[in-house]
Amino acid sequence: MGGGQRLSFSRRETAAAAAVVASFGIGLAGLYLSMPAFDYSFLKLPRTLEDLRILRDNLENYTSDYTLQVLICYFTVYMFMQTFMIPGTVFLSLLAGALFGVVGGVVLVVLAATAGASSCFFLSKMIGRPLVFTLWPDKMSFFQAQVARRKENLLNYMLFLRVTPTLPNTFINMASPIVDVPYHIFVLATMIGLIPAAYVTVRAGTTLGELKSVADLYDFQSIATLFFIGIVSVTPTLINTKGQK
């Protein structure tokens, strides 16, 4: 269980991962082929704000005519990126705000992120143990100890982790099944805990033209607010731990 564990997968684990990748690939290809005739040369995962503005400008009219197709494609791409730890979902969250407004964007982002996190959870449960202990041996030791200590108030602790940037979301998604966080707690904490950060990002997406840098999303006030919400969510755990001493 230590950081020296070799990174190796059995044939069954490799086959399971390949099947998941193939399923997403077939699904995305099917969605692409089902779209109406159009020049899709602008379609690519945005890596800069300029990429994102180009994508928004091209999708605005298309979204009003083919809303369902855009929603399904958006959801699938977001879920794929979350499942396989592909960076860049912050740009998709901004895009949701630009295309669907604050309320619609937050709902879409939270649902897509929760579905992607769940997919990553179950994939990690099948094949993730050697990968997690190889990539994050120190974080795993810390996370295991914290989960073991907070079994009675685990939902509050998981909410705290989701709201605050204490541990990366990618790590939480992959490590949770390894340290036996129950799925119902994982998914509830994910769905609720991602709302504050999703709101901050989606709201920024509604004024995409004014945004100069992704770093501007999380200024001191935003980070402080997220930590305040996180402290409130974890307070019952702290009180319970103190009472047991």
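A few notes on this one:
- In terms of the mean number of neighbouring beta-carbon atoms within 10 Å, the peptides 80-86, 206-212 order highest first as 80-86, 206-212.
- Rounded if a/c under 1.5, otherwise prolate or oblate - the stretch 11-244, Cα gyration tensor axes: oblate
- Highest-first arrangement of 90-96, 174-180, 17-23, where packing means the average Cβ count within 10 Å: 90-96, 174-180, 17-23
- In sequence order, calculated HN-Hα J values of the stretch 193-203 (Karplus, 6.51, -1.76, 1.60; Hz; x Gly/Pro): x, 7, 4, x, 5, 5, 4, 4, 6, 5, 4
- Scoring 161-167, 98-104 by mean Cβ neighbours within 10 Å over their residues and listing the highest first yields 161-167, 98-104.
- C-alpha center-to-center spacing [the stretch 121-161, the stretch 92-112] in angstrom: 28 Å
Rule-based calculations on the coordinates, nothing more; no lab input. Just so we're clear, the structure is a prediction, and the values are computed from it rather than from any experiment. Note: ideal-geometry Cβ built from the backbone for every residue, glycine included; neighbour counts use all protein chains shown.
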